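Trainee: Below is a structure I'd like to ask you about.
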Amino acid sequence: MHPAPAPPALPLDRAVYTRLRTDHYPWTEVTVDLAARQAGGLSGVFEARQGDGWARFVWVAGTLRGGYTAAGDTAWTVMTVALPRARVTLAELDPAAADLFWSCRETTPEPLAGTWPEARGTLERSGFSGLLLGASACSLWKGGQPVGGSLPPSGSACHLLTPPGADEASVAALWAEVLALTHRSAPLDEAWRAVCVRLSAEHPCLDPFAREVTVQGGRLHVEPDVPAEEWRPALLAAFQATLARLGVRLADLPLAEVRGRSAWTVAGLGAL
């Protein structure tokens, strides 16, 4: 039997307690303590671990959203029987951060190109919302800014957890990485500007004078008020035309680390 996949690290900057043994802090006392905190408006994540087994429960503003394991949803009574001698941790979070943590419970981490803190610009420019994981750190992001948790140590490789329904943010983050990685191999700026002038009649957001969707030095910027249904096809068309103008094939670019993401197909890159 394979061990259950470990969940992403909890942000512990506001931990109430960490890895307490239920041999010394019995489940009955844990249950009473959490009930009192729930009545006081608890927002946070409770985790129990025993060997390879684990379970997590999430509260948002005093409401229990539920519990889950690697196998799916679980109940409190099931967990206490399955993990009788666990180590338990309670991490308090802001309500918005706790809600984000709950929504990411079934999301598979995807690699972020580059290391920390160089990769931060990608998250800011794309307005990323989700969880950033690096080394043992976990931070929660909304609209391209961290809202809780701990940022990765310098030099760390990072992974992203994007909640379901946030496809646009993950697609924008992917495009930012694709363009940055492409620019390192084949400078884009001159060809990109020429292509955008030609395509602006069909895709107005590419108009260089409007500056709604721009690429400079391989850095993508999309104005927040440009609808996704406009910038997504525009980016795909401009990227394809730019590669053709440069005489570069997509298969020859160093994009292996981003090809496996679900956003790659959503962005339309799989069809190029």
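The values are calculated or read from the model by the stated rules, or taken from the named source; none is laboratory data. Quantities reported herein were computed from a predicted structural model and do not represent experimental measurements. All Cβ positions, glycine included, derive from the backbone under ideal geometry; neighbour counts span all protein chains shown. Note: accessible area is taken over every heavy atom of the protein model, side chains too, but ligands, DNA and RNA are not part of it. Shrake-Rupley method; radii C 1.70, N 1.55, O 1.52, S 1.80 Å.
Trainee: Rounding to the nearest 10 and keeping the result within 0 to 90°, find how far the Cα-based axis of helix 189-199 lies from the longest principal axis of the chain.
Mentor: 80
Trainee: What translational D, rounded to a whole number of µm²/s, comes out for the range 152-272 from Stokes-Einstein when the hydrodynamic radius is the Kirkwood one over Cα pairs, at 4 °C and 1.567 mPa s? Please list the in-between numbers first.
Mentor: Numbers: Rh = 14.9 Å.
Diffusion coefficient, whole number: 87 µm²/s.
Trainee: Please express the Cα-Cα pair-distance distribution P(r) of the range 209-272 as a list of whole percents, one per 5 Å bin, running from 0 to the bin with the greatest distance.
Mentor: 3, 14, 23, 28, 20, 9, 2
Trainee: In square nanometres and to one decimal, what's the mean projected area of the convex hull around the Cα atoms of the range 9-132?
Mentor: 8.3
Trainee: I would also like to ask the following. Once phi is turned into θ = phi - 60°, what whole-Hz ³J(HN,Hα) does the Karplus curve with 6.51, -1.76 and 1.60 give for every residue of the range 97-111, x standing for Gly and Pro?
Mentor: With the stated coefficients, the range 97-111 comes to 5, 5, 4, 5, 4, 5, 5, 9, 5, 10, 8, 8, x, 10, x Hz.
Trainee: Here's something else I'd like to know. Could you compute Rg(Cα) / (2.2 N^0.38 Å) for the range 21-78, with N its residue count?
Mentor: 1.12
Trainee: Relative contact order of the range 135-272: what whole-number percent is it, with Cα pairs under 8 angstrom and at least 6 residues apart? Don't skip to the answer; put the middle values down first.
Mentor: Numbers: 144 pairs, mean separation 30.7, N = 138.
About 22 percent, as a whole number.
Trainee: Percent of accessible area on the range 158-260 owned by carbon and sulfur, 1.4 Å probe? Please list the in-between numbers first.
Mentor: Details: 2570 of 5040 Å².
Carbon with sulfur: 51 percent of the solvent-accessible area.
Trainee: Once both labels are modelled 7 Å past Cα along the beta-carbon direction, what's the Arg249-Asp225 spacing in nm?
Mentor: About 4.4 nm, to one decimal.
Trainee: Have a look at the range 121-190 and give its Rg and Dmax from the Cα atoms, expressed in angstrom.
Mentor: Answer for the range 121-190, Rg first and Dmax second: 13.0, 41 Å.
Trainee: Working from Cα positions, state the angle (0 to 90°, nearest 10) between the long axis of helix 27-39 and the longest principal axis of the chain.
Mentor: 60
Trainee: Still on this structure, I have one more. Please find, in a Gaussian network model of the chain (springs between Cα atoms separated by less than 10 Å), the residue of His24, His183, His203 whose mean-square fluctuation is greatest.
Mentor: Among His24, His183, His203, the largest GNM mean-square fluctuation belongs to His24.
Trainee: Count the net charge of all other residues whose Cβ sits under 10 Å from the Cβ of Thr122, scoring Lys and Arg as +1 and Asp and Glu as -1.
Mentor: Taking every Cβ under 10 Å from that of Thr122, the sum is 0.
Trainee: Count charges around Ala55 for me, please; just the other residues with Cβ under 14 Å from its Cβ, Lys/Arg as +1, Asp/Glu as -1.
Mentor: Taking every other residue near Ala55 into account, the sum is +3.
Trainee: Can I ask one more? Please compute the modelled spin-label separation between Thr63 and Arg198, points set 7 Å along Cα→Cβ, answer in nm with one decimal.
Mentor: Taking the two extended label points, one gets 5.3 nm.
Trainee: Taking the Kirkwood radius as the inverse of the mean 1/r across Cα pairs, report the Rg/Rh of the range 117-161. Don't jump to the answer; show the numbers that get you there.
Mentor: Working: Rg = 9.2 Å, Rh = 10.1 Å.
Ratio of gyration radius to Kirkwood radius: 0.91.
Trainee: Quick one: Debye curve from the C-alpha atoms of the range 51-117, no solvent, what's log10 I(q)/I(0) at q = 0.18 Å⁻¹?
Mentor: With no solvent term, the Cα-only Debye profile gives -0.80.
Trainee: What is the extension gain from Gln145 to Ala39, computed as 0.36 nm multiplied by their sequence separation minus the C-alpha to C-alpha distance, in nm to one decimal?
Mentor: Difference between extended and current length: 35.1 nm.
Trainee: For the chain, what relative contact order do you get, as a whole percent, if you take Cα pairs closer than 8 Å and at least 6 residues apart?
Mentor: Working: 486 pairs, mean separation 40.1, N = 272.
15 percent.
Trainee: So for the range 59-187, averaging the separation of alpha carbon pairs under 8 Å that are six or more residues apart and normalising by length, what relative contact order in percent results?
Mentor: Relative contact order here is 23 percent.
Trainee: Give me the percent of the accessible area of the range 1-70 that comes from carbon and sulfur atoms, probe 1.4 Å, all protein chains in place. Could you put the intermediate results ahead of the total?
Mentor: Numbers: 2000 of 3690 Å².
Its accessible area is 54 percent carbon and sulfur atoms.
Trainee: While we're here: Tell me the net charge near Gln145. Cut-off is 11 Å between Cβ atoms, Gln145 excluded, with +1 for each Lys or Arg and -1 for each Asp or Glu.
Mentor: Every neighbour counted, the sum reads +1.
Trainee: Take the alpha-carbon positions of the chain, form their convex hull, and give its projected area averaged over all directions (one quarter of the hull surface) in nm².
Mentor: For the chain, averaging the hull's shadow over all directions gives 16.0 nm².
Trainee: To continue, here is another question. Work out how much length Phe209 to Thr77 would gain on full extension: take 0.36 nm times their residue separation and subtract the Cα-Cα distance, in nm to one decimal. Mind showing how you got there, number by number?
Mentor: Working: separation 132, 0.36 × 132 = 47.52 nm, distance 6.15 nm.
Fully extending the segment from Phe209 to Thr77 adds 41.4 nm.
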